[in-house]
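Structure first, then comments.
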Amino acid sequence: MSTAKEGTQASEEKKTRSLKNVKHIILVLSGKGGVGKSTVATNLAMKFAVRGREVGLLDVDIHGPDIPMMLGIQDMRLGGDGTKIDPVIVPPNLKVISMGFLLSNRDTPVIWRGPLKMKAIEQFLFDVDWGQLDFLIVDLPPGTGDEALSIAQMVPESDGAIIITTPQDVALLDSRKAVNFVRTLKLPVIGIVENMSGLKCPECGHDIQLFKTGGGEKAAKEMGVPFLGRIPIDPEIVDTGDDGVPVVLRNPKGLGSVALESIMTRIEEIIEKKGD
């Protein structure tokens, strides 16, 4: 009969084996909903993949798994051999796991208490055949609740977190809390991204500050964390998200895509510097 200690050791060994071939784990979170966190995570993951990296995208938003729709794979289902779960593959080389693949109907709500959610997250992390990955990007639900806490504790070796915010004061207040949440868990803050930062008028080219601009950069400076860049309000980002084709694929030269590429480059620089 195995002891509790032996069971714990076996569990830890399983976790180590599952992610041993993943070079970098990046958490994407926000202090509040509605700031475009999943859109940014999806496009960054796809941009890494287009650049030739082996990438995994883990959608941990159990109650609102939007990433399958953003990638046009909402009707896909997970497979496996009974011991490992096979992720859904999106060309060119993006592996995706989401609660959305397990729902019989896309309108079905997930009505689970904490323990069930934690078990699902653990399986998504450690029972999936992730294979060799350069990056595993984890899209967390908004806020600093159970899911974010569990992921942070399950993968303390992650490279850190990216905080997504919008420029207005209410969002910035919550983003500051998210930074402190990550610091409390003793994880690195990779930086802050300011999303929905200004709109360029399609008729005259004039910049319109719908939600202000510069707030994310100011918060990053005050909190002593890197500012990764700003993404403008781009109707094309909205359309491509609804169509299931990330904007970085649909229009690599568009305003949103160029901003996302700059942010991706900045993330790589920070991670590489940290590893030196």
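Each value in this text was obtained by applying a stated rule to the coordinates, not by laboratory testing. Keep in mind it's a predicted model, so treat the numbers as computed, not measured. With ideal geometry, Cβ positions are generated from the backbone for all residues, glycine too; neighbour counts draw on all protein chains shown.
Computed quantities for the displayed model
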read-out	value
Sequence-distant residues sharing a close amide H with Leu133 (under 5 Å, placed H)	Val22, Lys23
Theoretical FRET efficiency, 1/(1+(r/R0)^6), r = Cβ-Cβ of Asn93 and Glu122, R0 35 Å, to 0.05	0.90
Residues Thr184, Thr83 arranged by fewest to most Cβ contacts within 10 Å	Thr83, Thr184
Estimated D of region 25-178 in µm² per second, where Rh is the Kirkwood radius over Cα pairs and Stokes-Einstein applies at 4 °C, 1.567 mPa s	82
³J(HN,Hα) computed for each position of region 175-180 - Karplus, 6.51 cos²θ - 1.76 cosθ + 1.60, integer Hz, glycine/proline x	5, 5, 5, 5, 4, 5
Computed helical MRE - 222 nm, the chain, DSSP H runs ≥ 4 contributing -39500 (n - 2.57), nearest 500	-12500 deg cm²/dmol
Sequence ranges 159-172, 88-101, 33-46, ranked by mean other-Cβ count within 10 angstrom, highest first	33-46, 159-172, 88-101
Computed Kirkwood radius, in angstrom, where 1/r is averaged over Cα pairs of region 30-102	12.8
Nonlocal amide H pairs with Gly229, under 5 Å, H built at 1.01 Å	Glu194
Model label zone, Thr83; criterion: amide N under 16 Å from point 7 Å along Cα-to-beta-carbon; scope region 14-57	14-19
Of Lys37/Lys273; Lys32/Lys253; Lys47/Lys95; Lys200/Lys253; Lys32/Lys212; Lys84/Lys119, pairs whose Cα-Cα distance is over 19 Å	Lys37/Lys273; Lys32/Lys253
Rounded FRET efficiency, nearest 0.05, which uses the C-beta distance separating Leu173 from Asp242 and R0 of 30 Å	0.55
Charge dipole (debye, nearest 20) of region 20-275; +1 at Cβ of Lys and Arg, -1 at Cβ of Asp and Glu	660
